[in-house]
Amino acid sequence: MSPPISDHALRQLGRTEGDADSLGLLVRDQDTRRLVLLRALLDAAAAAPTTVCPPRLLDRLRKDWALLETAERVDRDAVRTVLFHPMAGPWAQRLLSGLTAATVTGPDLPAGLAHLTALAVAAAIRAGVHCTAVLDPRGGLVPLPTLGAVRTDSGPVELSHTAGEMVIRPANGPPLTARTQPDGTMTSADPRWLPVLALPALLPGGRPVPLDDVDPYGTEGGGLPRHGLSVAVRMDDHERKAWAACWSGVEPLLRTGGEHRLTEVAVLLRCVVPLGRPPGSGADDGGVAHCSGTRREAFGAVLSSRPATSVYFASTLVHELQHTKLAALGGLVRLHHEDATPRHFAPWRSDPRPFDGLLQGAYSHLALADYWQRSALGARRVTSRDLAWAEHARCREQVGAVLPVLAGSAGLTREGRVLVNEMITLYHRMDHSPPPPGHLARAKAYVSTVKVIWQQRNGSRGQ
């Protein structure tokens, strides 16, 4: 039996790289897992006691499933655009947990099952299939995943779709009409329709990237405040234009940082969820305060407050997609057998980290060190070069502080050992183009200071 991933691909990924084929392997595995998860939902609902999933809810679920099957027979790719939307992952996992719980789960379960209707209708619209449905609002919005949402202050709305035209009839107010465009988006002159903004594809023939501020599962249940992240925000027209302007400068920056960085974004990034400014940030920070993250159950999504510049947008994507990549690889092959005890020093965190968190952080910061070094070597402006060298030096010193712990672990599997060895190879390869001495000295002082503070705070708990 062949291994799930070749050593060639594993070595590429260990160097924080990966060509389209290697990354495509991770994507296909994640997509397969999503389909299995969705099928598990149907089976769990059928097996759940009526106290958990009453007959009327089960009947609705089966009708939604039938609509998905009809749409998939017409246009499989259109349907899977919806089913593989990152935010369908948190929704499906949360709903499955509710269906398999030992006790009645309360109001969240009907809302979760109702969201399947919205997914099925969005898939039917994308596939060009006629459909009618009654959709329930959530937080003042009726979402249609990947397409947009209808703002409403009333109860359920009636929807009908025929030949590329969608008509929504709220309980109060006039009907709303939206039409499908050749690029798959839906537009309407009615201000109640809130379309998902599509950021242009970075490569010719690539797919646009939704900037999704209306999906109800963007941050729900993700524990974001615990990780220093803010909640999702709804953008006004000014904010949308600012995001679009920031995105417009990302492609050349990624290319300067290495063609493989552009490939990563093109293959892995499926949507960006806009967040508010970081908790605790003030109005006097010049707009540079920033937070970003990923969710393992939302493969392909990057959650981020709006970066101050295209430079930081590009580096945010590099950083966060390493987490996406490594989490997907860890789902395909086991990388270590270490436990989850938080005990390790990480220069990018003030709290002790478990081994897996240390590996994740080292991997993403190693990619950033590589990205910033390439950016510095390719920069034409002195200010750009200076910033890149400073970021490179800091990230590389941070990684160097934890690589011995990773390399010394007896819990690494064979695949984990290959991965870490390649990380070490990349780390030392960067010695060939060192940063200016001043940047290096400041980076070393920074990491040393952080470690002293960490030890004072955490005492003997860490390593």
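Observations
- Only Cα pairs under 8 Å and 6+ residues apart enter the sum, and on that basis the relative contact order of the chain stands at 14 percent.
- All-pairs Cα distance distribution in region 1-127, expressed in whole percent, bin size 5 Å: 2, 10, 18, 18, 15, 12, 9, 8, 6, 2, 0
- Cα lying deepest toward the dipole's positive end in region 355-394, options Ser364, Ala388, Gly378, charges on Cβ: Gly378
- Positive-pole candidate from Ala178, Ala340, Val250, dipole of the chain, charges at beta carbon: Ala340
- Ligands, DNA and RNA left out, the 1.4 Å accessible surface of region 389-463 is 57% carbon and sulfur atoms.
- Taking the charge dipole of region 1-123 about its Cα centre, with +1 at Lys and Arg Cβ atoms and -1 at Asp and Glu Cβ atoms, the residue from Leu95, Leu35, Leu23 reaching farthest to the positive side is Leu95.
- Dipole magnitude of the chain about its Cα centre (Cβ charges: Lys, Arg +1; Asp, Glu -1), debye to nearest 20: 800
- Formal net charge of residues neighbouring Glu158 (Cβ-Cβ distance under 14 Å; K, R +1; D, E -1): 0
- Within the chain, percent of DSSP bridges classed antiparallel, to nearest 5: 85
- Using Cβ point charges alone (K and R +1, D and E -1), the dipole size of region 316-463 about the Cα centre works out to roughly 300 debye.
- Student exercise, region 1-119 dipole from Lys, Arg, Asp, Glu Cβ charges, in Debye to nearest 20: 340
- The mean accessible area for residues of the chain, using a 1.4 Å probe and ignoring ligands and nucleic acids, is 44 Å² per residue.
- Pairwise FRET efficiency - Arg380 versus Ser448, Cβ, R0 = 30 Å, nearest 0.05: 0.35
- With every protein chain in place, region 278-371: carbon and sulfur % of accessible area (1.4 Å): 50
- Ranking of Glu69, Glu297 by solvent-accessible surface, largest first: Glu69, Glu297 (1.4 Å probe, protein heavy atoms only, all chains present).
- Proximal charge balance of Gly218 [Cβ under 11 Å; K/R count +1, D/E count -1]: -2
- Computed with the Debye formula from one identical point scatterer per Cα of the chain, without solvent, the log10 of I(q)/I(0) at q = 0.09, 0.14 Å⁻¹ comes to -0.64, -1.40.
The values are calculated or read from the model by the stated rules, or taken from the named source; none is laboratory data. Owing to the predicted nature of the structure, the values given are computational and were not obtained by experimental measurement. A quick note on method: Cβ atoms are made from the backbone with ideal geometry, for glycine too, and the neighbour counts reach across all protein chains shown. Please note that ligands, DNA and RNA were not included when accessible areas were found on the heavy atoms of the full protein model with its side chains. Shrake-Rupley method; radii C 1.70, N 1.55, O 1.52, S 1.80 Å.
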